[in-house]
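Okay, structure first, notes after.
The values are calculated or read from the model by the stated rules, or taken from the named source; none is laboratory data. Computed from a predicted structure; not experimentally measured. All Cβ positions, glycine included, derive from the backbone under ideal geometry; neighbour counts span all protein chains shown. Each accessible area value is taken on the protein alone, full model and side chains, heavy atoms only, with ligands, DNA and RNA left out. Shrake-Rupley method; radii C 1.70, N 1.55, O 1.52, S 1.80 Å.
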Amino acid sequence: LEVGGVPSDKDTIAKRLAKKNYMVTQIDLWSNIIEERYDGIHFMKMDANNTSFEDSSFDVIFGSAVLEHISNLDIFLKEMYRILDTNGIVVLHGAPIWNSNCGHHVYVHIDDAKYEFCNFNPIPDWGHLLYSSEEMKNILLSKKIPNKHADAICNMVYDSNLLNRLTYDEIISVITNTNFKILEISTTRWTKPTRKKKKKN
């Protein structure tokens, strides 16, 4: 089971597994596609916090860059535990986490503009943690970003349900308080805050 997977033309883990005759299911809540079969993969629009799968349905559950998007992470992990086989394994990845330099995870396509945390990122590092939504809008406007675009960016960062806004420590706390046997937790830090930014209230 891939959580957060969507039908894609890209070379994905799901496609590689399907080519090796593994039965692969993808679920995603935000897709416009309700259900589809493609390239040996069964795609379903479904809430990962409340699936329709029977107990012990999957031997592997994985998700790339999903931890920061799942609301009610504790409920989600309980559901994954329920549908995972006794000897199964879960591999979940999150990036970027809310309290990282680009944890705002801005991904707004509006008119002909694309504002993306990994490409054209209009938000200063840690800006989403240092500034209120109103302050951020003023920063964006000072960069000559149109008012309509600034509103969309601030809405996505501060109000959208596309992010759960959990910090790294909060995510680790939820994970370690599950029934899973944890084999490994690994982290990567892209950059560290400067002393100047640490002092900003």
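Looking at Ile110, Ile70, Ile89, Ile75, which is the one that is open to solvent by less than 40 Å² (accessible area, probe 1.4 Å) and modelled with pLDDT of 95 or more?
From the options Ile110, Ile70, Ile89, Ile75, the qualifying one is Ile110.
So which residues in segment 1-24 are open to solvent by 20 Å² or more (accessible area, probe 1.4 Å) and not in a loop (DSSP other than H, G, I, E, B), if there are any at all?
Glu2, Ile13, Lys15, Arg16, Leu17, Lys19
Any chance you could count how many residues in segment 168-179 are touching a helix residue (DSSP H, G or I) at 6+ places or on another chain (Cβ under 6 Å) and either part of a loop (DSSP other than H, G, I, E, B) or within 16 Å of Leu84 (Cα to Cα) (or both)? Before you say what the answer is, go through the steps one by one.
Pass one, segment 168-179, residues touching a helix residue (DSSP H, G or I) at 6+ places or on another chain (Cβ under 6 Å): 174, 178-179.
From what's left, either part of a loop (DSSP other than H, G, I, E, B) or within 16 Å of Leu84 (Cα to Cα) (or both): 178-179.
Counting residues in segment 168-179 that are touching a helix residue (DSSP H, G or I) at 6+ places or on another chain (Cβ under 6 Å) and either part of a loop (DSSP other than H, G, I, E, B) or within 16 Å of Leu84 (Cα to Cα) (or both) gives 2.
Tell me the residue from Asp125, Asp151 that is within 15 Å of Ile110 (Cβ to Cβ) and open to solvent by 40 Å² or more (accessible area, probe 1.4 Å), please.
Asp151
With (1) surrounded by 14 or more Cβ atoms within 10 Å (Cβ to Cβ); (2) modelled with pLDDT of 90 or more; (3) part of a loop (DSSP other than H, G, I, E, B) as the list, and Ser31 as the residue in question, which single condition is left unmet?
Evaluating Ser31 over (1) surrounded by 14 or more Cβ atoms within 10 Å (Cβ to Cβ); (2) modelled with pLDDT of 90 or more; (3) part of a loop (DSSP other than H, G, I, E, B) leaves (2) as the failure.
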